[in-house]
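Chemist: Mind looking over this structure? Questions follow.
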Amino acid sequence: MTQKETAAKGLKLTDILVTIVIAAVFGVIYRVWGPMYDILKPFGLHAEQLSYGMWFMAATFAFLVIRKPGVALLAEVAAATIEALFGGSWGVSTLVYGLLQGLGAELIFALFLYRRANVGVTILASFASSVLSLLVDNYYGYIDQLTFWNYCLFIGLRLLGSALIAGVFAYYLAGALARTGVLSLVRPVSKKDYDALG
């Protein structure tokens, strides 16, 4: 790989600024999404876990827009920071969640060398964010008292919510945005990109 190609893959100032704007939008969404979690809780059987995928979406969506190394991690950490600054329910621990959730998505995109951005890879990235969020939950003692079947249900619903929101929804939202042509301002859109959406 030539030095020019390597430089082209690195984050430029515009990439960082667009990522921060995406993160700012999601930071606000994360803050107002909290009540959705609370609304689903009374249904029992961990129904609230279906909404959890929204808190992973900054990472997957930002990568689908920018498609460069570091974007998923930067977006998720920045969104978590903004959520915390707006008085998010989980306080400073929000930053720990953001760091690990962003890292989870980043690792999956890195595994595919940042070249694959299809719905399957996006779902895998959402799963990785979900798994690392569970480690934080366990550390803080939120889920260590669950029985085995309850724990399986909890994890299963969080993974399902992650796949649907941060995976499928993020992918199709980015695709809809690409079809408007607005992403050509951020990165050149090729025929291959359009074919990948179909």
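The values are calculated or read from the model by the stated rules, or taken from the named source; none is laboratory data. All figures in this text were calculated on a predicted structure; none of them were measured in a lab. Cβ placement follows ideal geometry from the backbone for every residue including glycine, while neighbour counts extend to all protein chains displayed. We work out accessible area using only protein heavy atoms, side chains counted, and drop any ligands, DNA or RNA first. Shrake-Rupley method; radii C 1.70, N 1.55, O 1.52, S 1.80 Å.
Chemist: Under a 1.4 Å probe, what is the accessible area of the chain per residue, stated in Å²?
Modeler: Details: 10100 Å² over 198 residues.
Counting only protein heavy atoms, the per-residue value for the chain is 51 Å².
Chemist: Output the Cα-based Rg and Dmax of segment 104-160 in Å, rounding Rg to one decimal and Dmax to a whole number.
Modeler: 13.4, 41
Chemist: For a protection proxy built on the mean count of beta-carbon atoms within 10 angstrom, sort 48-59, 125-136 highest first, please. It would help to have the intermediate numbers written out before the result.
Modeler: On the way: 48-59: 26.9, 125-136: 22.8.
Per-residue mean Cβ counts within 10 Å order the peptides as 48-59, 125-136.
Chemist: How far is helix 13-40 tilted, in degrees, relative to the longest principal axis of the Cα atoms in the chain, given as a value from 0 to 90 rounded to the nearest 10?
Modeler: Approximately 20 degrees, to the nearest ten.
Chemist: May I pose another question? If we count trypsin sites (Lys or Arg not before Pro) as exposed when they sit in a DSSP loop and have at most 16 other beta carbons within 10 Å, what is the longest stretch of the chain that avoids them all?
Modeler: Values: sites that count: Lys12, Arg115, Arg116.
Counting at most 16 other Cβ atoms within 10 Å as exposed, the longest clean stretch of the chain is 13-114.
Chemist: Right, here's the next one. Given 37 °C and 0.692 mPa s, how large is the Stokes-Einstein diffusion coefficient of the chain in µm²/s, with Rh as the Kirkwood radius over Cα pairs? Before the final figure, lay out each step's value.
Modeler: Values: Rh = 17.0 Å.
This corresponds to a translational diffusion coefficient of 193 µm²/s.
Chemist: So, R0 is 41 Å and r is the distance between the beta-carbons of Ile16 and Phe148; what FRET efficiency does that work out to, to 0.05?
Modeler: On the way: r = 44 Å, r/R0 = 1.07.
Efficiency for this residue pair is about 0.40.
Chemist: Viscosity 0.890 mPa s, temperature 25 °C: Stokes-Einstein D of segment 67-184 from its Kirkwood Cα radius, in µm² per second?
Modeler: Details: Rh = 15.1 Å.
Translational diffusion coefficient: 162 µm²/s.
Chemist: Now for a separate question. Remind me, relative contact order of segment 106-170 in percent, using alpha carbon pairs under 8 angstrom and six or more residues apart?
Modeler: Values: 41 pairs, mean separation 29.9, N = 65.
Value for segment 106-170: 46 percent.
Chemist: Okay, next question. Over the heavy atoms of Thr122, what accessible area does a 1.4 Å probe trace out, to the nearest 10 Å²?
Modeler: Counting only protein heavy atoms, the figure is 0 Å².
Chemist: Oh, and also: Counting only other residues whose beta carbon sits under 9 Å from that of Ala59, what net charge do I get with K and R as +1, D and E as -1? Walk me through the intermediate numbers first.
Modeler: Working: positive: none; negative: Glu76, Glu106.
Summing Lys/Arg as +1 and Asp/Glu as -1 gives -2.
Chemist: From the helices alone, meaning DSSP H stretches of at least four residues, give me the mean residue ellipticity at 222 nm for the chain, per-run term -39500 (n - 2.57), in deg cm²/dmol to the nearest 500. Don't jump to the answer; show the numbers that get you there.
Modeler: On the way: 9 runs with 133 residues, N = 198.
Computed mean residue ellipticity for the chain: -22000 deg cm²/dmol.
Chemist: What whole-number distance in Å separates the alpha-carbon centres of segment 28-52 and segment 133-174?
Modeler: Distance between centres, Cα-based: 12 Å.
Chemist: Relative contact order (percent) for the chain, with alpha-carbon contacts under 8 angstrom and 6 or more residues of separation? Intermediate results must be reported in sequence, preceding the final value.
Modeler: Values: 290 pairs, mean separation 50.7, N = 198.
For the chain, the relative contact order is 26 percent.
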